[in-house]
Amino acid sequence: MAGRELPSPAKLGLTSPRAADDLADLGFDDEAILWTLAGAGDPDLALNNAHRFMEAAGPSWPKVRALLADDPVFRTRFIALAGGSTALSDHLIAHPELWVELHKDIPTAEEALAEMLGAVGAQPVDEHATQHLRTPGTYRAAEECAAPTGGNEALRGAHRTLVMRVAAADLAGTFAAVKGHGEGQTMGYRAVTEALTAIADAALTAALAVAVRRVYGEADPDAQLAVMAMGKCGARELNYISDVDVIFVAEPVTPKITRTAAEFIKIGSACFFDVDANLRPEGKSGALVRTLDSHKTYYKRWAETWEFQALLKARPMTGDMAMGQAYVDTLAPLVWEASQRESFVEDVQAMRRRVLDNVPEDLRARELKLGYGGLRDVEFAVQLLQLVHGRIDDTLRTPNTIGALEALTDGGYVGREDAKQLVEAYEFLRLLEHRLQLQRFRRTHQLPENEDEKRTRWLARASGFTLGRTTAIEQMQARLKQVRDAVSTLHERLFYRPLLNAVVDLSVGEATLTPDAAKARLAALGYRHPARAYDHLTALATGTSRKAKLQAILLPTLMYWLAGTADPGAGLLNYRKLSEAAEDKSWFLRMLRDEGVVGQRLMKILGNSPYISDLIIAAPEVVKLLGDGSNGPRLLEAAPDQVHKAIVAASKRYQDDADKAVSVARSLRRAELARIAAADLLGFMEVRQVCEELTIVWEAVLQAALLAEIRTDLAARGEEHAPARIAIIGMGRLGGSELGYGSDADVMVVAEPVRSGDDAQDVADEALAWASRIIDQMRSRLSKPSGDPPLEVDLGLRPEGRSGAVVRTIASYERYYREWGEVWEKQALQRATTVAGDEIVGEAFLRMIDAFRYPENGATLAGVREIRRIKARVDTERLPRGADRSVHTKLGRGALADVEWTVQLLTMMHAHTQEGLHTTSTLEALDFLYELNDPAILPAAQAHILREAWLTATRARNALVLVSGKRTDQLPAPGPHLAQVAGSAGYDPENQQEFLEEYLRVTRRAHRVVEEVFWGEVPSLEFE
């Protein structure tokens, strides 16, 4: 040995300047010891702790040094502990005589009880307790424990020693051996967690013994008390550092037994870990101790879904074990009926959302428990499957996560390969969690920060990763990514793939559900009509064709994406209809298979918007636009002006057939509506762009339809030239380029005769009659029933309303507005612009009406009063009976009409001095007023509030159409319908309340501005 050169400190990974001296002091001149030291999680830490131990051990050190050289198991445990846990190394150094504990096997449950109860001199009190101190039950500690902290130090030390034995063996089991040195037998996740649970049970049994001594002294307890273990402790899967959740049951409930329970919590929390009784009925505000009947009454009448989920893991821990078992037997039937509750799905989704919401965004990547692909995802999914299927299959009623996953696999509810991967993933995540907790003996689930390379390297090495082709850190991170990816697709694999196997055999080893089990799972996953959903799956995936097989492969993923929508059942039905509509299109399923983003976007549409779904089912080619091009989403590739030209050009192919020309224009409009609405729903288009593009499509259809009518009429009459030039003037939201999905086209029509002469009046009358006939035919053709959203051309804003002429000349319009036009009619002209037909005639008309819509000296006081009077009448008469003004997107408080009338009044009053108000667009006028920031007109802050309200109300109104498929203005009450609206407005459907509260907040602020600016009143704050 002396002839071989020993490795240098640098080769061993030691960086301390004292390393060589410390090695010499320790007498570490043995290759086995040195190379084992090199494999420690942190070699410098291991060396430092070994040197500290040597100094503390004094005369015992030579014996320990000899054992380190001769016993490879002891050597690995000692060095693994020294380099893996600062806190437990400190415990060993403080009590150097405990080195012999590292030579022992991990403690059994009986041994742990004997050690913990023996530490406080416990004696049995009830029939479950025994003289040899090896069974759980009610004991009484020795008299010296009666003082307020008597026995605490003994409890703390005994518990820490037992945990140290487990940790040393555990760390040795994942030791990163170097040069073949570093022997340790892998304990495995189950052995570690079961040992830690047994130690916790023993520790709390001893804590109860001390509590009995402090409360009762030598007197017999006046009640029986059972302590129920919940959570991870109840499932026998406890961490090194974790809260231990408990519930107390007593017969009878007395003041002293309640004090005993409180003292039990105090002792356990002071000596071991946080003991938490907040899972009890009514939580912190509920009674600490209840009788069994009281527990039963609570769970039958008032318990929420999460409380039944918590009961899955309940087991008797200590105290009166018979009463504890009675608690389990009594409440178990209620647990397995929880999935039949009406609110089960919503409750489960809300629980998961609350967990995610509690994790800050910047910590989710580092969170092993609650973050992406984390421990809670596995635990949550397994518990949900247990609750769904455990009602009829009692083999699934096991509290342990891994045990439950194995039972689900044996029962055919989860595929074997999926279960194997998930068990491995879960055990790896728990391994990392345990190593992090051992380092400083603190409760944590967070990985080290990216820049903390030293701690990350320690974690990788302590978890068994060694230097190879890549570093230990790189290997750990690669494995972690693989595990998280596997867990992140958990719902698809655990929930949806077995559903398809219930319909068609996918492969050997996959889960196989009966039809009833499949329907129960569909119900639990949010499908309101599980039998129908099952029929859709059967129709889509049954058969031997290539398409059916491809559907069976695709559907688990598609259903996983559908699960996040407002109505998964409707989405699945829409997908079935679309698949049937695309039956002859070979690219359809291939695109869903090859471009995952297409399927994901399509499912979001199908499950959230019946309106877009119907459009896409009628025009399946739109699915091709759901992918990404070189410059981003293909939905945005079409330039608006090119869309207009394409619709008009396509209709021109039918020179003398207006029916076919309009049909083509409507078909292209359908596809464009689907494109715009899809881009809107998917968050690719802002509200303003949506309105502008919808307006351009309407303008194109009007242009195409008008030209088609003129061409067809001239061909039928054998004439080459039209008798009049026609211009269609857009009004209202069409004129402002602010159309929504449910908006009609408000228009007026101007015509100028082409010929003139001695019989000018007769020529003009004939020309106008011809123009009227053309417009009537166009409106009739556009409004013909079809599968498209309706195309209503509304002439109600023309002079004299519905009794007035359909078409007028510019001179006729000018005379009407000059002699008879009312204030509101001139107000309506603010939105007038040419949208189709002869541009020269249209421009001439617009020049003529400028004098009326932008009066030279602004609005008169009488005019302002009249506008306010009319607005008050509209507010009273137009709002539908029973409508809620707070959530009516058009006529509600602070909604569209409020904002638009306010802007139009400001335009009437100030357009003569402010050229920027010469615009038909509400938003453009508000943009100008924001930039102007003139307190005498409208401060910028108020302009911003009105703009935000207009956008919010328009987004909500559009969402209502996307969901209902028809024009509607009032937001529904909270529930499934509002969830759909929220989903279509860009919110998570589960956050419908957030959507509603944001709408109310924005419109309330706008209403205050309207009260002040439009009505000239001090804001009342009446609806705050």
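The values are calculated or read from the model by the stated rules, or taken from the named source; none is laboratory data. Quick caveat, the model's predicted, so the values are computed rather than measured. Here Cβ is always computed from backbone atoms with ideal geometry, including for glycine, and neighbour counts include all displayed protein chains.
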- Task: Output yes when any residue across segment 927-938 is within 38 Å of the chain's Cα centre (by Cα) and in contact (Cβ under 8 Å) with a residue 40 or more places away in the chain, and no when none is.
- Result: no
- Message: For residue 208, only one of the following conditions fails: (1) assigned to a helix (DSSP H, G or I); (2) within 30 Å of residue 65 (Cβ to Cβ). What is its number?
- Response: (2)
- Message: Among the residues in segment 747-755, are any in a strand (DSSP E or B) and closer than 30 Å to residue 609 by Cβ?
- Response: yes
- Here the residues within segment 404-425 that are of a type outside the set (A, V, I, L, M, F, W, C) and touching a residue at least 60 places away in the same chain (Cβ under 8 Å) are 409, 412, 413, 415, 416, 417, 418, 421
- Message: Which count do you get for residues in segment 439-461 that are part of a helix (DSSP H, G or I), modelled with pLDDT under 90 and surrounded by 18 or more Cβ atoms within 10 Å (Cβ to Cβ)?
- Response: 1
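Quick check, is residue 993 in a helix (DSSP H, G or I), surrounded by fewer than 16 Cβ atoms within 10 Å (Cβ to Cβ) and touching a residue at least 12 places away in the same chain (Cβ under 8 Å)?
Values: in a helix (DSSP H, G or I): yes; surrounded by fewer than 16 Cβ atoms within 10 Å (Cβ to Cβ): yes; touching a residue at least 12 places away in the same chain (Cβ under 8 Å): yes.
So residue 993 passes the test.
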- Which one of the conditions (1) under 50 Å from the mean Cα position of the chain (by Cα); (2) crowded, with 20+ Cβ neighbours inside 10 Å; (3) aliphatic (A, V, I, L, M) does residue 68 fail to meet, given that it meets all the rest? (1)
- Provide a single number: the residues in segment 236-254 that are touching a Gly at 6+ places or on another chain (Cβ under 8 Å) and of a type in the set (A, V, I, L, M, F, W, C). 2
- Task: Evaluate segment 247-263: report whether one residue or more is of a type in the set (A, V, I, L, M, F, W, C), in the same structural domain as residue 171 (by TED's automatic domain parsing) and at pLDDT below 95.
- Result: no
- Item | Total residues in segment 429-485, condition farther than 17 Å from residue 366 by Cα and among the basic types (Lys, Arg) | 3
- Message: Within segment 485-495, does at least one residue satisfy the condition of being surrounded by fewer than 17 Cβ atoms within 10 Å (Cβ to Cβ), at pLDDT 85 or above and not assigned by TED's automatic domain parsing to the domain that holds residue 522?
- Response: yes
- Item | Exclusive hit being surrounded by fewer than 15 Cβ atoms within 10 Å (Cβ to Cβ) and closer than 27 Å to residue 272 by Cβ, set 63, 104 | 104
- Message: Just to be sure I understand the filter: pairs with C-beta atoms under 6 Å, separated by 6 or more residues or on different chains, first member in segment 466-490 and closer than 15 Å to residue 431 by Cβ, second member modelled with pLDDT of 90 or more and among the charged types (D, E, K, R). Which pairs pass?
- Response: 472/461
- Query: Quick check: anything in segment 888-902 assigned by TED's automatic domain parsing to the domain that holds residue 875 and either in contact with a Gly (Cβ under 7 Å, 6 or more places away or on another chain) or farther than 18 Å from residue 871 by Cα (or both)?
  - Reply: no
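Pick out the one residue from 613, 651 that is touching a residue at least 12 places away in the same chain (Cβ under 8 Å), within 19 Å of residue 597 (Cβ to Cβ) and buried (at least 23 other Cβ atoms within 10 Å of the Cβ). It would help to see each step written out before you state the result.
Details: 651 fails: within 19 Å of residue 597 (Cβ to Cβ).
Being touching a residue at least 12 places away in the same chain (Cβ under 8 Å), within 19 Å of residue 597 (Cβ to Cβ) and buried (at least 23 other Cβ atoms within 10 Å of the Cβ) holds for just one of 613, 651, which is 613.
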- Query: residue 243 fails exactly one of the following numbered conditions: (1) assigned by TED's automatic domain parsing to the domain that holds residue 213; (2) within 29 Å of the chain's Cα centre (by Cα); (3) farther than 27 Å from residue 151 by Cα; (4) charged (D, E, K, R). What is the number of that condition?
  - Reply: (3)
- Message: Of the residues 707, 739, only one is touching a residue at least 12 places away in the same chain (Cβ under 8 Å), not in a helix (DSSP H, G or I), not β-branched (Val, Ile, Thr) and not assigned by TED's automatic domain parsing to the domain that holds residue 890; which?
- Response: 739
- All conditions in (1) over 47 Å from the mean Cα position of the chain (by Cα); (2) in a helix (DSSP H, G or I); (3) closer than 24 Å to residue 97 by Cα are true of residue 45 except (1)
- Task: Mind telling me which of the residues 921, 886, 964 ends up being out of contact with any strand residue (DSSP E or B) (no Cβ under 7 Å at 6 or more places or on another chain), under 20 Å from residue 1005 (Cα atoms), in contact (Cβ under 8 Å) with a residue 60 or more places away in the chain and of a type in the set (S, T, N, Q)?
- Result: 886
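So which of 350, 322 is more than 30 Å from residue 150 (Cβ to Cβ) and either among the hydrophobic types (A, V, I, L, M, F, W, C) or modelled with pLDDT of 90 or more (or both)? Before the answer, list the steps.
On the way: 322 fails: more than 30 Å from residue 150 (Cβ to Cβ).
Exactly one of 350, 322 is more than 30 Å from residue 150 (Cβ to Cβ) and either among the hydrophobic types (A, V, I, L, M, F, W, C) or modelled with pLDDT of 90 or more (or both), namely 350.
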- Query: Do the conditions hold for residue 197, that is, is it modelled with pLDDT of 95 or more and surrounded by fewer than 21 Cβ atoms within 10 Å (Cβ to Cβ)?
  - Reply: no
- Task: Evaluate segment 725-740: report whether one residue or more is farther than 18 Å from residue 645 by Cβ, touching a helix residue (DSSP H, G or I) at 6+ places or on another chain (Cβ under 9 Å) and polar (S, T, N, Q).
- Result: no
- Residue among 468, 390, 412 that alone is at positive phi, of a type in the set (Gly, Ala, Ser) and at pLDDT below 90: 412
- Query: Can you spot a residue in segment 96-106 that is more than 28 Å from residue 59 (Cβ to Cβ) and out of contact with any Phe, Trp or Tyr (no Cβ under 7 Å at 6 or more places or on another chain)?
  - Reply: yes
- Query: Only one of these conditions is not met by residue 73: (1) assigned to a helix (DSSP H, G or I); (2) modelled with pLDDT of 95 or more. Which number is it?
  - Reply: (2)
